[in-house]
Amino acid sequence: MSKLPKWAADLTEKASFIMPDMKISEVVHINQNLKKIRFQGDLSRMNFQIGYANIIRVSDTEFRNYTTSYHNIEEGYFDIIFHIHRNGVGSNYIDTLKSGNELKVGIPRGKKMYEQNVKHHLIFGDETSLGIACSVLPLLKQNKNEYQFYFELDDENRNVPELLGLENYTIFSKKDTFRNELWINSLPIFKTNEWNFANYILTGNVKSVQTFRKVLKDKTQGKIYSQGFWLEGKKGL
């Protein structure tokens, strides 16, 4: 539901059971490209799962999906980390939001991506994947899973995983690294059998996700969860 006629978008936003009212209680600029927003409201109808996303109306006719980085049902708030690239209607709208603003946010929905009974987990993504990384980390630690994060990040964002308190991560350049099957084949996870049956969560750029997924399918027997969040030249994934 990335784009609807205005009348349909109006009806969707007015459906309080789908898009309840939220108020922005806190805004933190992690750096000039990443912004964490805390939304406060009634979360009684919200079911937060790793891989689920909340939808936000970003124009008269367009909606975008965003994954939460943290939630607290009892205190009635959740956080979303936004990548402010200033190159699209969603990013431009989010860039204008500030503390005290009120808006409607869709209840989480999507596909679950985390299985606690699997021992090994590898989570891959970019700036748009930092929220899912933050949300899954407490579960990985609580369930004593073994895990690694692989991030392809712009140079100016290389310190962000540390700022967010993430652990066991490796940072890669975005310079076509995960578009290269031969290079992916040389990654350390393929040099040991312990990652053969791991769970793989792949999000972020569509081309990177597709290429990494193809190599994983050829070289491992693990379960692969994948969701492309954006693609060059494509609006509203």
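The values are calculated or read from the model by the stated rules, or taken from the named source; none is laboratory data. Bear in mind that the values here come from a model prediction, so they are computed numbers and not experimental data. Using ideal geometry, Cβ is built from the backbone for each residue, glycine included, and neighbour counts are taken over all protein chains shown.
Couple of notes before you dig in:
- Candidates in segment 207-221 are the residues that are in contact (Cβ under 8 Å) with a residue 24 or more places away in the chain and crowded, with 17+ Cβ neighbours inside 10 Å; of these, the one that is nearest to GLN49 (Cα to Cα) is VAL209.
- The listed residues are PHE212, PHE229, PHE178, PHE190, and the only one of them that is modelled with pLDDT of 95 or more and in contact with a Ser or Thr (Cβ under 9 Å, 6 or more places away or on another chain) turns out to be PHE212.
- Residue list for segment 71-92, filter: outside any loop (DSSP other than H, G, I, E, B), surrounded by 17 or more Cβ atoms within 10 Å (Cβ to Cβ) and not small (Gly, Ala, Ser): HIS71, TYR77, PHE78, ASP79, ILE80, ILE81, PHE82, HIS83
- Failed item, numbered, when PHE124 is tested on (1) buried (at least 19 other Cβ atoms within 10 Å of the Cβ); (2) out of contact with any helix residue (DSSP H, G or I) (no Cβ under 7 Å at 6 or more places or on another chain): (2)
- Condition met for GLY131 (assigned to a helix (DSSP H, G or I), outside the structural domain of PHE78 (by TED's automatic domain parsing) and either surrounded by 13 or more Cβ atoms within 10 Å (Cβ to Cβ) or not basic (Lys, Arg) (or both)): yes
- When GLY228 is tested against (1) of a type outside the set (A, V, I, L, M); (2) in contact with a strand residue (DSSP E or B) (Cβ under 9 Å, 6 or more places away or on another chain); (3) in a helix (DSSP H, G or I), only condition (3) is not met.
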